Amino acid sequence: MHRFLEDVIVPGLSSGALYALIAIGFALLFRVTGVLNFAHGNLVMVAPIGVLVFHEKWGLPVVLAYVLAVVATLTLALVQERIAIRPFLKAGSALPWIVSTLGCSVILAELLAIPFHGESRSFAYGLSARPIHVLGLTTTPADVALISAALVVAALLGLLQSRTDLGLRLAAVSQDLLGATAIGIRSDRMSQIAAGAAAVVAMITGLLVAPSQLVSSDLGLSYLFYGFVAASLGGLGSVPGALLGGMVIGIGSQAAGVYIGSLFVNMTLFGGLLVLYLLRPHGLLGRPALRAV
Amino acid sequence: MPTSSDPTRPQDGPELVDVARGPIALDGHDHRLPGAAAAREIGHRLGQARAAGRAQVDRLPDWLTRAAGNPLIHASLVLVVLVLWTLTASSNSYNLYLAQLACIYAIAALGLNIPGGLGGALSLGHGASYALGVYSTAILASHHGWPVWATLPVALAVGFAAGLLMGAPAGRLGAIALAMVSLGAVLVVGDMILQFDKLTGGTSGIVNIVMRFSWGDGVASASALAIVIFAVGWATYLLHWWYRSSARGLAAIASRDETIGAAASGISTYRVRMETFAIGSAIGALAGALFGYLSFVITPASVSPALSILFLVMVVFGGAGSRLGPVVGALVLTLVPSWLASLPHVNTFVYGGLLVLMMLVLPRGIMGGGRPSRPRPFGELGTPRPNSALPDLDAGGGPTAGADPVLVLKGVSRSFGEVKALEGVDFQIRPGEVVGLVGPNGSGKTTLLNVASGMYPASGGSVRLGGHDITRTAPHRIAGQGLARTFQTPKTFPTLSIGEHLAIASSEVAQSSDERRQEAVDTAAALLRMGGLDIDQPATLERPVGTLAQGQLRFLEVAMSVLHVPRVLLLDEPAAGLSAGEMEALERAAKALAQQGTAVVIVEHHLDLIRRLVDRVVVLHLGTLLWEGPPEDLDQAEAVRVAYLGIQQ
Amino acid sequence: MPATTTSGLRVRDLHVNYGAVHAVAGVSLSVEPGRCVGLVGANGAGKSSTLHAIGGLIPCGRGSVIALGDRSLQRVTAPQRARLRLGHVLEGRHVFSDLSVAQNLHVGALAAARPRRAAAVAKALEVLPELHDVLKRPAGTLSGGQQQMVAIGRALAGDPEVLMLDEPTNGLAPILVDRVIHIVREVCAQGIGVLLVEQRLEVAQAAADELHVLQHGRIVHTTTGDDPGLAAIVHAAYLN
């Protein structure tokens, strides 16, 4: 039992938190704009690589490097919103934004590969990745932070949505764009805010996961896939769903890795995704789509 | 607009509403780049240049354009040139290598164009098919010495099977879900390659992939390999061209452009997806096989998710759905990077930038959607008789007395959430009868048609067509059983030509006698002629429907319905937006159909038209049957006045 | 005719084209505060297009003049027009299904100037007291008629100077139709101008002070008060 907790549950929760955060990032943007950002996985890596560049290559103090990395992430996200997302806001066809966000992903991945020639680097400027013992289980501060962050972010977003005017506006745009426009809500502003919020989640994700893994420009696509599976499982566009989905995927993939084999993880996820689509396409917490009259 | 968190819902057309809607911009605000106007100008200019180029080509002597347009001729010419070059070039020629690589990528792109371009399904899994082709060939050729004429078919078969696997769920998935599932497929194949490393060599890959022409024989020369590659490219190009022009290809495009309209024409989107995926994947694997031979050595690095994206770029850049587009895209995106190879990173920025820019400036790619094909418009139905005209309105004929009703709705209800669109409606119609269905907006008229044609199932009650229960049958199957319909906004296929529309309609014909088929063709031809479209002129047949006026589109849609030789025809507000003369033509066509034995239901607001044309009027109000009777009694009926013209207590 | 007032909605020579189709071909009308102007016509006559153009949801021809008060709306985006106190109740209601009725009203009030928000919501509830019973329910669970009330209330909460209603009685039972007419009169009584698009003549007649008949994108007849020949004119307009 202790083995199970230590080998499966604990690492499963921390990777689950990772996937949950990615899924939340997806959900934030998707709810409001109807766009799933294929470059989100790359966006996650911008902050850690940014810190490495600004501190290790440019010699700036760590704190300043963090600040600049945050600015860099936000800037890139807002530029992307303007050229690759806003033109396709709640568009009928998905092809244009799939292609354009894919293009952004390609550009970002290449951009991030320039500083270190695509090599993976270790990240020593965040929380510690040294093992500690909590409640008799071995984990790391970085992992604990990751799990807490996922819970805190989800909770904060929930509060934002239900308690603030901004949250209401975002909800309005996500539920009925035309209706929202007719009552004075600016869809372009909402789209920017959603993209910005997703970028903030991305940078939190990246900076918290960086200490535990090698940082490289090209972790984008598998993060993307895992995050998407988690989001779909929970119901695209639902933040609590993303949290739940992330945890299930995290523990599930960890279990698959331990009991079946690491190279079968993708296959398990893939199979799971197919089953999900066939049985419950709107996910665990999503609403079934109503055919409007 | 439905807010859906369901990525699996296929992107169908606009929601089915009771009010005809024109295009409405979301908030009148131009969200696009500050240079949007300029970008659109560029796109517009390019489109004009393209049209001008085509016009120039059209001015050449007829035999020359015909020859140039014939794929067998122009492709064979290119093949001959390539073969001659191969035979005379030095064996180390880098350019020859590049040409072979471009050819292989063109094959892959042509393959992706079938599900992606023609079918409109955005698959990111083409790299997986390619990888399967690479590795199956590498294993068979290198480890087991299989000859090329055995390895290529195996690659095709493996690709085909993989395509069926990918296409099976794809049939039910919307664009987002499909993109993700196909991406997953690529990652899974990548993992499998590493997993089965005894077979695949794991990270070290496979070496010594050489082409042989028979078992145990010596290795073929580099020239022979080049010729095989070019020949396969030639064959693929022809196959692709033929597919695009065939009924199947048209069905794929129709189902991409307008899923609902396609279903009404009897096209099963699911079958189209499966078929296009299987064929496209097979071709992708074929390209991979050839790549294995060309590279001699392959490792997992040679097949990556990035390759899937590259193929996608080629198709989108060249022009998804066109016949030449994928080739153009492959050429440009193989040659240009090789010229830029000395500048690191620029390649990739160009790719990425191209994708983003394309969607803003030239979403249809360089070649756009391509030129229309020239199918036989009436398929097997025959040709219209020269002097066919529509009968006059006062010509006789009427419901076939004593015949059983061909369409029966009993106790039909349909709710959307809390809204009860239909409640316990009974409706029936006999062959040769014309029934008018009237009522104010929101009364359920269009919902009734939608339930009858299978667009959504009834929440309660039953629908029977010719005695068979069709309450839960899919719309394309109902169309196949002889029920045709039109829509408030004509659901035609914007990228196809008039001739292609007619060909689609005539490929799905219900069981009927030769005489009825001839009558159908005559009626359709007469209808089009009255809309100002002379289908005897080939130029008319090639006109893209985007250039037609609203009235002409309607006539086209009705003509298409007629060509199905339906037993029942449902017309949804066909007269909206028509001039008086056009309305008369429509009435005469409806009369002609009734005389031929078709049961016609016509939903209309124009009470005059209803009075002139129908045998019986049914009035709906708030989802229930309010009144039924002969048109003469319509004005007197108090109930109708209440519903239609409004009342104040 | 009084000297030009600079309040209310003024529309001159409005043109709307969908490609080659000339949906609105030179419509002119004015809506003064406290008056209800009705627009009737057959399907496809251009009624909804007129409202959409005035509301800024679709572009209009260059010569068109749309002004609210003394402010031209030509270069103003649709959401901005709502904040300039042009309310628009869309056809098909478009309520926010997952938000409660109270939240729907609240978000509608965000269009009003901050100090006036609470008062605007209160006024909306005064005009629509039936909403009190369902304040906490998600709007998507309400019946069609109730959703229509929510949509109207939401637009009223934005403190409009002029309110546009697009076929509000569509699909409603007769008793609710009466209610809508009543609501329109009350809104006018509060000093808000109303532009009402309706398909049913008798509804428009009961609610409006001034009626325009639209056919093929043009106003073919205008009437105020009793007009015995009106029915015949409308009949003809509908059938052509």
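Nothing in this text is a laboratory measurement; each read-out follows from the coordinates by a stated rule. Quick caveat, the model's predicted, so the values are computed rather than measured. Counting neighbours? That spans all protein chains shown, and the Cβs are built from the backbone with ideal geometry, glycine included.
Here are the numbers for this structure:
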read-out	value
Sum of -39500 (n - 2.57) over DSSP H runs of 4+, divided by residues of chain C (222 nm, nearest 500)	-10000 deg cm²/dmol
Cα centre as origin, Lys/Arg/Asp/Glu Cβ charges: the protein assembly as shown dipole, Debye	2120 debye
Projected label distance in nm at B:Ala161 and C:His182, using a 7 Å step from Cα toward the beta-carbon	7.2 nm
Length released on extending from B:Ala474 to B:Phe213, taking residue separation times 0.36 nm less the Cα-Cα span	89.0 nm
Using alpha-carbon coordinates, inclination of helix B:94-112 to the longest axis of chain B, degrees	30 degrees
For chain B, size of Cβ-based charge dipole, Lys and Arg +1, Asp and Glu -1, in debye	1720 debye
Charge-dipole axis of segment B:75-304 as Lys and Arg at +1 and Asp and Glu at -1 on Cβ define it, positive-most pick from B:Ala235, B:Ile114, B:Ile193	B:Ile114
Calculated on alpha-carbon atoms, Rg and Dmax of chain B in Å	28.2, 97
Per-q log10 I(q)/I(0), segment A:1-145, q = 0.12, 0.18 Å⁻¹ (Debye; single scatterer per alpha-carbon; no solvent)	-0.64, -1.10
Volume per residue of the C-alpha convex hull in segment B:75-304, rounded to whole Å³	113 Å³
Estimated FRET transfer efficiency (C:Asp226, B:Ala580; beta-carbon r; R0 22 Å; 0.05)	0.10
222 nm mean residue ellipticity, helices alone, for chain A (DSSP H n ≥ 4; -39,500 (n - 2.57); rounded to 500)	-21500 deg cm²/dmol
Estimated FRET transfer efficiency (C:Ala113, B:His44; beta-carbon r; R0 35 Å; 0.05)	0.25
Farthest positive-ward along segment B:75-304 dipole, Cα basis, beta-carbon charges - from B:Met274, B:Tyr94, B:Val81	B:Met274
Mean separation of Cα contacts under 8 Å, 6 or more apart, over the residue count of segment B:436-574: relative contact order %	33 percent
Over the protein assembly as shown: Rg over Rh, Cα atoms, Kirkwood Rh	0.99
Residues B:Ser246, A:Ser162 arranged by fewest to most Cβ contacts within 10 Å	A:Ser162, B:Ser246
Linear extension gain, A:Leu151 paired with A:Leu60, 0.36 nm per residue minus alpha-carbon span	29.5 nm
Extent along principal axes [Cα atoms of segment C:20-121; Å; largest to smallest]	42, 32, 26
Cα-based equivalent ellipsoid of chain C: semi-axis lengths in Å, sorted from largest, via gyration tensor	27, 21, 17
Ranking of A:Phe54, B:Phe213 by count of other Cβ atoms within 10 Å, fewest first	B:Phe213, A:Phe54
Using alpha-carbon coordinates, inclination of helix B:580-595 to the longest axis of chain B, degrees	90 degrees
Förster radius 60 Å - calculated FRET efficiency between A:Ser128 and B:Ser90 (Cβ-Cβ, nearest 0.05)	0.45
Percent of beta bridges antiparallel (DSSP, chain B, rounded to nearest 5)	60 percent
Cut-off 15 Å (backbone N to label point 7 Å along Cα→Cβ of B:Asp633), residues of segment B:427-457	B:436
Sequence-separation-based contact order of chain B, relative, with Cα cut under 8 Å and 6+ spacing, percent	16 percent
Rounded to 10°, Cα long-axis angle of helix C:144-156 versus longest principal axis of chain C	90 degrees
Residues B:Met359, B:Met530 arranged by fewest to most Cβ contacts within 10 Å	B:Met530, B:Met359
Inter-label distance, nm, simple model (7 Å from Cα along the C-beta direction), A:Leu160/A:Val258	3.4 nm
Mean Cα-pair separation over length for chain C, i.e. relative contact order, pairs under 8 Å, 6 or more apart, %	29 percent
